[in-house]
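Q: Structure provided below as C-alpha cells; questions to follow.
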Amino acid sequence: MSELTLAKPRTPRRPAARRSNGELYSWLFMRISGLALVVLVLGHLFIMNVLDGGVHRINFGFVAGRWASPFWQFWDLAMLWLAQIHGGNGLRTVINDYARKDATRFWLKVLLYVSMVLIIGLGTYVIFTFDPNITD
Amino acid sequence: MAGTTATERSGTSKGGGTLYRGDLGMWSWVAHRITGVLTFFFLFAHVLDTALVRVSPDAYDKVIETYKNPVVNLFEVGLVGAVLYHALNGIRVMLVDFWAKGPRYQRQMLWAILAVWVLVMVPGAYFMLVRTVTEMFGGQ
C-alpha cells in the first residue's frame, strides 16, 4: 500500500501567489521624485515667471540662449522624465480608482502609456537635437 | 439609513484623529488629485508647444505669441497656484508618511502649507500679473 499523502492542516490550496513589490516601489518613487520635482519645477516656475519676466520675454531666441547651457538642458531633461513618470504614475492610480469596467481601465491605461512615451520621447528628442540655426 | 450615517460618522477625527473620510485630510487629498491631473494635462500641452522649436523659430514664436494675452496670463497664475499647492501638500504627505509625529499634526500641517501658499501666491501673482495689468490700463 502506497503511502497516503495528506496535506498538512491549514496548507493553502494553492501556493501563495507570488507578490511583487511593484506598488511599494511606485509609492516610494512618488515620494523621491516628488522631492526632486519640488526643486526642479518650483525653480523652473520661479525663474520663468518671475525672474525672467514671464511668457512675454519668451521666443525662439530665449530658448536658444537657455539650451546653449548643458546645465539647463540637463535640468529640463530631468524635469521632463521625472514629471512624466510621476504624473503618469499618479494618473494610473486615478484610473485604477475610478474606471469601473476592466475594458475601460485597460484602454485608459493604454492611452496614458502611449501619451507618456510620446511626450518623453518627443521632449528628449527636442532637447538633444535642438538647433539654434534651424532658420535656413 | 440613520444607521449608516451613524456608523460613518462615528469617530470623527475632531478628537481622536482616526477617521479620514469627510475630514479636512480628505479634502487635501481631493485637491492633491485634482491639481495633479490638471498639471499632467498642462504638461502634455507644454511639451508639444516647446517641441515647435524643432519645426521653425517662426512656428514657435507664433504659438508663444498667442499665450501673451491677459486671459492666458490668468491661467498661468492658476497653474502656478495648482502646482505650488501640489508641491507643498506633497511635502506634507511625506511628513505624514515618514515623520513619527506626522499623522498627529496632519491638520496643523495643512493649515501651515495653506499659509505658505498664500504668502507665496500674493507676491507671485503680483509679479506675474503686473505687466498684464499695466498694459491693460494704459501703460506702454
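For every residue, the table says whether it meets (1) at pLDDT below 90; (2) open to solvent by less than 40 Å² (accessible area, probe 1.4 Å); (3) among the aliphatic types (A, V, I, L, M); (4) under 27 Å from residue A:33 (Cα atoms).
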position	(1), (2), (3), (4)
B:61	no, no, no, no
B:64	no, yes, yes, no
B:80	no, yes, yes, yes
B:93	no, no, yes, yes
B:97	no, no, no, yes
B:118	no, no, yes, yes
B:121	no, yes, yes, yes
B:124	no, yes, no, yes
B:140	yes, no, no, no
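Q: Given the structure, is residue B:102 outside any helix (DSSP H, G or I) and open to solvent by less than 60 Å² (accessible area, probe 1.4 Å)?
A: When the stated conditions are applied, residue B:102 passes them.
Q: Just a yes or no: is a residue in the range A:70-92 touching a Ser or Thr at 6+ places or on another chain (Cβ under 9 Å) and basic (Lys, Arg)?
A: The answer is yes; a qualifying residue exists.
Q: Restricting the first residue to the range B:35-50 and requiring it to be within 9 Å of chain A (Cβ to nearest Cβ) and in contact (Cβ under 8 Å) with a residue 40 or more places away in the chain, which pairs with a second residue that is surrounded by 19 or more Cβ atoms within 10 Å (Cβ to Cβ) and part of a helix (DSSP H, G or I) meet a Cβ separation below 6 Å and a spacing of at least six or different chains?
A: B:36/A:90; B:36/B:86; B:39/B:83
The rows are residues; the columns are (1) at pLDDT below 95; (2) loosely packed, with under 10 Cβ neighbours inside 10 Å.
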| position | (1), (2) |
| --- | --- |
| A:1 | yes, yes |
| A:13 | yes, yes |
| A:16 | yes, yes |
| A:23 | yes, no |
| A:29 | no, no |
| A:66 | yes, no |
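The values are calculated or read from the model by the stated rules, or taken from the named source; none is laboratory data. None of these values were measured; they are calculated from a predicted model. Here Cβ is always computed from backbone atoms with ideal geometry, including for glycine, and neighbour counts include all displayed protein chains. For the accessible areas, the whole protein counts, side chains as well, though only heavy atoms, and no ligand, DNA or RNA atoms are used. Shrake-Rupley method; radii C 1.70, N 1.55, O 1.52, S 1.80 Å.
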